[in-house]
Each structure stands twice: as C-alpha cells, then as structure tokens.
C-alpha cells in the first residue's frame, strides 16, 4: 500500500494501527471493497455495458451482505432468504376430505362380495376370526386386488388405519392404485 501511495512504510503502518485495520471483520472488508468499486463505477462519466452489468452485480452483492449482517444480529433464517418468510404467509388450502356415505359403503361392500371368488371369501371369513393371516399363495391369484378392497372396506367401517407389508415399492403402489380405483 505504501509503495502504491508513494508514502513511507511507517506512515501507512501508523494508519493501520490507529484505524485498527487488523480488527476489521472479513465481511466488513468485503463490504468496503464492494462499496469502493461501486463508487468508482458510479462516478465514471462514460459507462459501458459491462460497467452497468458490474454495477448491478455489486448492488446485488451489497444487498446479500446486508441480509447476512441482519442474520448475524437476529439469527432469523428469513433474513437470509426472503422466500422463507413468504413460505408460511397466506392461508393454506384445507385438504379435501374423503367422505363415504353409508349408502356408498354398502354399495362398495356389495361390489366386494359380488366380485370375490370363493377362495377370496374364505380369506375374508378367516379375517373375521383371526387378527393376523399368513397366506401361502401362488402367483396371479388376485391377492393384491382382494386385500386392497378389503382394506378399504375395513377402514371405512372401523375408522382404523390398515397396515400392510409389501415385497416392493412397486407392489405397494399397485395396492394403492387398486384402493383408489375401488373407491371411485
């Protein structure tokens, strides 16, 4: 700095000690540098397109540093990111409730019994007697289809959640789709 200003080194050293240059926080140094560069660009008589771009960039950086300073004082994350403050603003939509009338439940039950095979009705009767059913089954016998419908009916009648263990995520989604299709 002394060489650039063509001053004696002890003079610059005394400025450094007097003004506490070493005690300035790094973020404050960045702010001062941004401010100095922005001032240079603003007072420049003939500005180029690049100058205007740099002015815009420096302005955004100063705004960002102001947010960081505000955050360091309050500790509020919304000071860093304005979107966080807006996230919980306006009213939220109430989730649409799934409502089934008694008639609709009876209609689903009628469809369930009409479309079930005899061996599936055996599973149904076993479910009335036993809390847990272990079924050794072959492939492609409609177990997912049957149990998805039974689960919906049981949930509608009792109001209790239904829990199932599935072999894969894909199987769970198939199960879910069967329930949705049956409900419609």
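What shape does segment 102-183 have by the C-alpha gyration tensor, where a ≥ b ≥ c are the square roots of the eigenvalues, rounded means a/c under 1.5, and otherwise prolate means a/b greater than b/c and oblate the rest?
Values: a/c = 1.39, a/b = 1.20, b/c = 1.16.
The shape class here is rounded.
Which whole-number percentage describes the relative contact order of the chain, with Cα contacts under 8 Å and a sequence gap of 6 or more? Each step should come with its number before you reach the end.
Values: 70 pairs, mean separation 22.4, N = 184.
This gives 12 percent for the chain.
Can you pull the one-decimal nm distance between simple spin-label points at residue 74 and residue 155, each 7 Å off the Cα toward Cβ?
It works out to 4.2 nm between the two label points.
Quote the relative contact order of segment 2-87 in percent (integer), defining contacts as alpha-carbon pairs under 8 Å separated by 6+ residues. Before the final figure, lay out the partial values.
Numbers: 33 pairs, mean separation 14.5, N = 86.
17 percent.
log10 I(q)/I(0), Debye, Cα-only the chain, no solvent, q = 0.11, 0.13 Å⁻¹?
Log10 I(q)/I(0), no solvent term: -0.72, -0.86.
Using helices alone, what [θ] at 222 nm do you get for the chain, with -39,500 (n - 2.57) per DSSP H run of 4 or more residues, divided over all residues and rounded to the nearest 500?
Details: 10 runs with 126 residues, N = 184.
Computed ellipticity for the chain at 222 nm equals -21500 deg cm²/dmol.
Say R0 is 25 Å: what FRET efficiency, to the nearest 0.05, do residue 7 and residue 27 get from their beta-carbon distance? Show your work: numbers first, answer last.
Numbers: r = 28 Å, r/R0 = 1.11.
So the FRET efficiency works out to roughly 0.35.
With axes computed from alpha carbons, what is the tilt in degrees of helix 143-158 against the longest principal axis of the chain, rounded to the nearest 10 within 0 to 90?
90 degrees
No value in this document is a laboratory result; all are computed from the given coordinates. Just so it is clear, the structure is predicted and the values come from calculations on it, not from any experiment. Reconstructed Cβ throughout: ideal geometry from the backbone, glycine too, with neighbour counts over all protein chains shown.
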